[in-house]
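Working notes, beginning with the structure itself.
The values are calculated or read from the model by the stated rules, or taken from the named source; none is laboratory data. Remember, it's a predicted structure, so these values are computed and weren't measured experimentally. In this analysis, Cβ positions are derived from the backbone assuming ideal geometry, glycine residues included, and neighbour counts consider all displayed protein chains. These area figures cover heavy atoms from the full protein model, side chains too; ligands, DNA and RNA do not enter into them. Shrake-Rupley method; radii C 1.70, N 1.55, O 1.52, S 1.80 Å.
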Amino acid sequence: MTANEDQEMELEALLSIYEGDECFKEISSSSFQFRIGDLDDTKAFILDVTWPETYPETSPEITLDSFFNNKISAETKQLILSKLEEQVEANLGTAMMYTLFEWAKENKVELMENHKPVVIAVTTSIGDGNTAKKKERKEQLTKSQKRKIVNKTDHKGVLPRGWDWIDVVKHLSRTGGRDDE
């Protein structure tokens, strides 16, 4: 069999195995994502796998570059990738995606053993640095909103008397009077 035939067979097998599984996502016919762990799990991560033209004779490209993995430290990512590379080397020449995904699920605790979530904090301070104040933003109006406000006011910028009063006739025609009951 050629590499493309092997890829087609493995793709068909993966789609049938992971049909309806929210952890598996087919990006293209040669690119996949697989989430290890639940969405709310702090030790969950997503494997991005791409098959080169000569897969399974050559190893797939495995990365942890998705946004979901931003909370994982570089050291932990490197450990995960090195352990997965060992599994790839052991299974080279065979269809290995299912094996890799299941191995990662079974060994998630070991892979994330030294995981310390990366926290990115942005702080700003105004003034002497002792107290942080939140700067209030004024509501931004569009040009048409500003024109409407100007058209409603007189030359002094004051709204005319009764500008917010309800038109009694229009109101009663919409809501109905007492006779309608």
I'm trying to understand the selection: among the residues of segment 149-167, which are charged (D, E, K, R) and open to solvent by 80 Å² or more (accessible area, probe 1.4 Å)?
Lys152, Lys156, Arg161, Asp164, Asp167
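Count, please, the residues in segment 91-111 that happen to be open to solvent by 10 Å² or more (accessible area, probe 1.4 Å) and in contact with a strand residue (DSSP E or B) (Cβ under 7 Å, 6 or more places away or on another chain). Talk me through it step by step, then tell me what you get.
Here is the first cut: in segment 91-111, the ones open to solvent by 10 Å² or more (accessible area, probe 1.4 Å) are 91-95, 98-99, 102-103, 105-110.
Remaining after also requiring in contact with a strand residue (DSSP E or B) (Cβ under 7 Å, 6 or more places away or on another chain): 105, 108.
The total comes to 2.
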Okay, strands (runs of 3 or more DSSP E) sitting entirely in segment 22-83 with 3 or more residues that are in the same structural domain as Leu11 (by the TED database) and over 21 Å from Glu110 (Cβ atoms), I get 24-28, 31-36
Looking at Lys25, Lys71, Lys43, can you tell me which residue is in contact with a Phe, Trp or Tyr (Cβ under 8 Å, 6 or more places away or on another chain) and open to solvent by 50 Å² or more (accessible area, probe 1.4 Å)?
Lys25
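Please pick out the residue among Ile62, Ile46 that is touching a helix residue (DSSP H, G or I) at 6+ places or on another chain (Cβ under 7 Å), of a type in the set (Val, Ile, Thr), closer than 18 Å to Glu113 by Cα and free of Cβ contacts under 8 Å to residues at least 40 places away in the same chain.
Step by step, each of Ile62, Ile46 is checked, and only Ile46 is touching a helix residue (DSSP H, G or I) at 6+ places or on another chain (Cβ under 7 Å), of a type in the set (Val, Ile, Thr), closer than 18 Å to Glu113 by Cα and free of Cβ contacts under 8 Å to residues at least 40 places away in the same chain.
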Inside segment 94-141, the number of residues satisfying the requirement of being over 26 Å from the mean Cα position of the chain (by Cα), within 16 Å of Lys83 (Cβ to Cβ) and at pLDDT below 85 is 1
Out of all the residues in segment 7-14, is one or more assigned to a loop (DSSP other than H, G, I, E, B) and charged (D, E, K, R)?
no
Tabulated pairs, segment 68-88, first of a type in the set (A, V, I, L, M, F, W, C), second loosely packed, with under 15 Cβ neighbours inside 10 Å and not in a helix (DSSP H, G or I), C-beta under 7 angstrom, 6+ apart or interchain:
Ile72/Val118
Just to be sure I understand, how many residues within segment 58-68 are open to solvent by 50 Å² or more (accessible area, probe 1.4 Å) and modelled with pLDDT of 85 or more?
2
So Glu85 clears everything in (1) at pLDDT below 80; (2) open to solvent by 50 Å² or more (accessible area, probe 1.4 Å) except one condition, right? Which one?
(1)
